[in-house]
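Heads up: the structure comes next, in structure tokens.
The values are calculated or read from the model by the stated rules, or taken from the named source; none is laboratory data. As the structure is a computational prediction, the values presented were derived from the model and not from experiment. Positions of Cβ are generated from backbone atoms using ideal geometry, with glycine treated the same way; all protein chains shown enter the neighbour counts.
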Amino acid sequence: MSPAPTRYAKYSVAASLATLALKFGAWGLTGSVGLFSDAVESVVNLSASLLALWALTVAHKPADETHAYGHGKAEYFSSGAEGLLIMAAAGGIAVASVNRFLHPAPLHNLGLGMLVAALAALINLAVARSMLDAAKRFDSITLEADARHLLTDVWTSAGMIVGLSCLLFLPPGWNVLDPIIGLAMAANICFTGFSLMRRSADALMDHALPEAEIARIEAAIRKHADHGTKFHGLRTRKAGRERFADFHLLVPGATTVQASHDLCCAIEDELHAALPGLRVTIHVEPLEDAASFDGTHVGGRDGHCPGRDPD
């Protein structure tokens, strides 16, 4: 049976297909470039939903010999590609809007067209809210990105509907408002696309976990590290829903292998309680050896457990 997160991606695909038909129908009824831009974004929504479905399917595959850290980063390829698609759609909307400035055209059946567009926006709103809840439960950036994109579509649709509503009560000379709405929507969509691309790039570059989560990791280590112990080289990253942490634990040289192992197990249990699902790697080193203090070469953060520096 498919993993639960993929079911929400399938809901997004179904919603995108429905809103695609509705919005292109609204554009056909009215000839509005604002409604056309809204319909074009629905094409991007559908592409993004299919990418999200693929990414979630891949990301939930178990680790194997060639992907020992799992497949979680597939989610970032999806959100990054979605960002590119959004920016491409923004460019298309901007071109259509400028063309309408240069070649004005009358609008028709605005009331009926906006009613159809409003129905499509309500479908997207319901699906987006459901996906945001699922994104929190499954800790999925792919579901969150797809949901945020759908919400952007909802708000741009709402702005477009409000703007076009004004045309129902304004003289024909105010039709210039239609391409202005299209350009405003293009700018808003472009900003969303850039934000998604930046988040995806950070994740693919192994950006550290949020400060609040790092603080919980450090607190868990300190809880079991006594006055003869230090740690440094704390490195963290995230791949999809998986979190990883590794660090060097400096213990007195006389500590037995068994005692070091027991200490590591206690720290790992504490870390798993603080951040469920965290994958931890601990490298044990003798506290008295100056070579153990190689944090500048390892990278990451230094701990502040009380202890003595080497002679």
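Here are the numbers for this structure:
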| quantity | calculated |
| --- | --- |
| Test: residue in the range 152-163 that is within 27 Å of residue 59 (Cα to Cα) and modelled with pLDDT of 70 or more | yes |
| Enumeration of residues in the range 244-271 that are under 41 Å from the mean Cα position of the chain (by Cα) and surrounded by fewer than 16 Cβ atoms within 10 Å (Cβ to Cβ) | 261, 262, 265, 266, 269 |
| Inter-residue pairs, beta-carbon under 7 Å, first farther than 23 Å from residue 251 by Cβ and modelled with pLDDT of 85 or more and in the range 205-226, second in a loop (DSSP other than H, G, I, E, B) and of a type outside the set (Val, Ile, Thr), 6+ apart | 213/275 |
| Positions within the range 205-243 being closer than 16 Å to residue 264 by Cα, among the basic types (Lys, Arg) and surrounded by 17 or more Cβ atoms within 10 Å (Cβ to Cβ), in sequence order | 222, 230 |
